[in-house]
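Peer 1: Following this message is one structure expressed as structure tokens.
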Amino acid sequence: MNLSRPNRMQTLGWLGAAIVLLWVLWLLAPILAPFVVAAVFAYVCDPAVNWLAARRVPRAAAVLLVIFSLGLLLLLLLLILAPMVYKEGAALAQRLPDLLDLLNTRTRPWLEQEFGIVLQLDVGAVRKWVAGNWDTAQDVIGLLLDRAKTSGVAVIALMGNLFLIPIVMFYLLQEWPRILGYLEESIPRPLHDRTMALFAEVDSVLSEFLRGQLSVMVLLALFYSIGLWIAGLRFALPVGVITGLLVFIPYVGFTTGLLLAILTALLQGGWAPLVGVGIVFSIGQLLESFALTPYLVGERIGLHPLAVIFALMAFGHLFGFVGMLVALPVSAALLVGLRELRSGYLASHVYLGDSHGGEQA
């Protein structure tokens, strides 16, 4: 498609405005975290608000109900996981010398015999270090309070952000239809139809991915928690929930959960928990790869797992925590843009060549 000079100038102007906007966002990245977090939560929760509003619940009441439910869920999750993670860390600190001793007496000879790997761990030094730091390691709350006293500004900023997120989320969800309407009115009329089609495609890609992946996370958290509990693993709930939540990052969630489960099984002692962990995670990986992800997320979305990993790492490196939050939305938009560019390229004179253009003429 050939563009006239005014259209080319208009396109260049929009590209320039987008570059300036990205530059400003990069400068403001340190203070954007609560707004970006609120925007991500608002995007995910907007269908629930619309569902309640469609059933004649006032939108403000629907927004408050959704925010309260989300906050209650996150608080409940924190109250369940935090004590269990602390207990597991304390148990690990106590059993660490015994585990290293076991590694020295049983695993080291096998590694030397089969692979020629010489491994020697100083268990005595580890026992001495644990004995000297155990009281300090137990007093985690005291350490955090002392740290809070010396970093008062950072703590105040964190509390301010936590307080600001639900406020920003409320206004975004309350004004969401009006915001979308204002953005639609701001689009130049000649570009309106095509721009709205692109926005709809971006929304479709992003919503299918996020909501489908959320379903996968919840189902896998339930599966791993129940499976590890049946296998007799202590702390099955926190390990299962953490594994399910981290599945959002391909391969990282599975690997992290497996390592945590193996460590917990080693702390319990015996081969039965280890065998159970192996069985549960093998079934879980098959379930995720061949059933849940293809059915709930779908290959039609086009966000390859490697692309997700690269986007999270690249945006996290460039913009920090805020970059990780916007990595997937921006990747979805770039994916749609690349599809559009490819379609234009395949229909262009550069790709089709002179002979094709002459035949059409």
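The values are calculated or read from the model by the stated rules, or taken from the named source; none is laboratory data. Keep in mind the model is a prediction, meaning the values are calculated, not measured. Please note: Cβ atoms are built from the backbone with ideal geometry, for glycine as well, and neighbour counts cover all protein chains shown.
Peer 1: Test of understanding: among 274, 245, which residue is in a helix (DSSP H, G or I), aliphatic (A, V, I, L, M) and under 24 Å from residue 304 (Cβ atoms)?
Peer 2: So the residue among 274, 245 that is in a helix (DSSP H, G or I), aliphatic (A, V, I, L, M) and under 24 Å from residue 304 (Cβ atoms) is 245.
Peer 1: Another one. Hey, among the residues in the stretch 70-84 that are surrounded by 12 or more Cβ atoms within 10 Å (Cβ to Cβ) and over 19 Å from the mean Cα position of the chain (by Cα), which one's nearest to residue 221 (Cα to Cα)? First the steps, then the outcome.
Peer 2: Taking the stretch 70-84 first, the residues surrounded by 12 or more Cβ atoms within 10 Å (Cβ to Cβ) are 70-71, 77, 80-81, 84.
Retained after the next criterion (residues that are over 19 Å from the mean Cα position of the chain (by Cα)): 80, 84.
On the way: 80: 14, 84: 16 Å.
Ranking the candidates gives 80 first.
Peer 1: Could we say that residue 216 is part of a helix (DSSP H, G or I), in contact with a Leu (Cβ under 6 Å, 6 or more places away or on another chain), under 29 Å from residue 269 (Cα atoms) and in contact (Cβ under 8 Å) with a residue 24 or more places away in the chain here? Full working, then the answer.
Peer 2: Working: part of a helix (DSSP H, G or I): yes; in contact with a Leu (Cβ under 6 Å, 6 or more places away or on another chain): yes; under 29 Å from residue 269 (Cα atoms): no; in contact (Cβ under 8 Å) with a residue 24 or more places away in the chain: yes.
For residue 216, the condition - part of a helix (DSSP H, G or I), in contact with a Leu (Cβ under 6 Å, 6 or more places away or on another chain), under 29 Å from residue 269 (Cα atoms) and in contact (Cβ under 8 Å) with a residue 24 or more places away in the chain - is not met.
Peer 1: Under 8 Å between Cβ atoms, which residue pairs at least 6 apart in sequence (or on different chains) link something in the stretch 191-209 that is farther than 16 Å from residue 330 by Cβ with a partner that is at pLDDT 80 or above and part of a helix (DSSP H, G or I)?
Peer 2: 192/184; 196/184
Peer 1: Applying the selection to the stretch 50-76, what residues are farther than 13 Å from residue 169 by Cα and in contact with a helix residue (DSSP H, G or I) (Cβ under 7 Å, 6 or more places away or on another chain)?
Peer 2: Passing the criteria: 52, 53, 59.
Peer 1: What residue, of 210, 219, 164, is of a type in the set (A, V, I, L, M), surrounded by 12 or more Cβ atoms within 10 Å (Cβ to Cβ) and in contact with a Pro (Cβ under 6 Å, 6 or more places away or on another chain)?
Peer 2: Going through 210, 219, 164 in turn, the sole match is 164.
Peer 1: Another question, if that's okay. For the stretch 225-278, which residues satisfy the criterion of being among the polar types (S, T, N, Q) and either in contact (Cβ under 8 Å) with a residue 24 or more places away in the chain or touching a helix residue (DSSP H, G or I) at 6+ places or on another chain (Cβ under 8 Å) (or both)?
Peer 2: Scanning the stretch 225-278 gives 225, 243, 256, 264, 268.
Peer 1: Looking only at the stretch 264-273, which residues are buried (at least 18 other Cβ atoms within 10 Å of the Cβ) and either over 11 Å from residue 232 (Cα atoms) or within 28 Å of the chain's Cα centre (by Cα) (or both)?
Peer 2: 264, 265, 266, 267, listed by residue number.
Peer 1: Taking the residues in the stretch 27-49 that are at pLDDT below 80 and touching a helix residue (DSSP H, G or I) at 6+ places or on another chain (Cβ under 6 Å) as candidates, determine which candidate is farthest from residue 160 (Cα to Cα).
Peer 2: Out of the qualifying residues, it is 29.
Peer 1: With the checklist (1) under 30 Å from residue 314 (Cα atoms); (2) touching an Asp or Glu at 6+ places or on another chain (Cβ under 6 Å); (3) not polar (S, T, N, Q) in hand, flag the one item residue 235 doesn't pass.
Peer 2: The one condition residue 235 does not meet is (1).
Peer 1: Okay, moving on. Looking at (1) over 30 Å from residue 236 (Cα atoms); (2) modelled with pLDDT under 75, can you tell me which one residue 294 breaks?
Peer 2: Just one mismatch for residue 294, condition (1).
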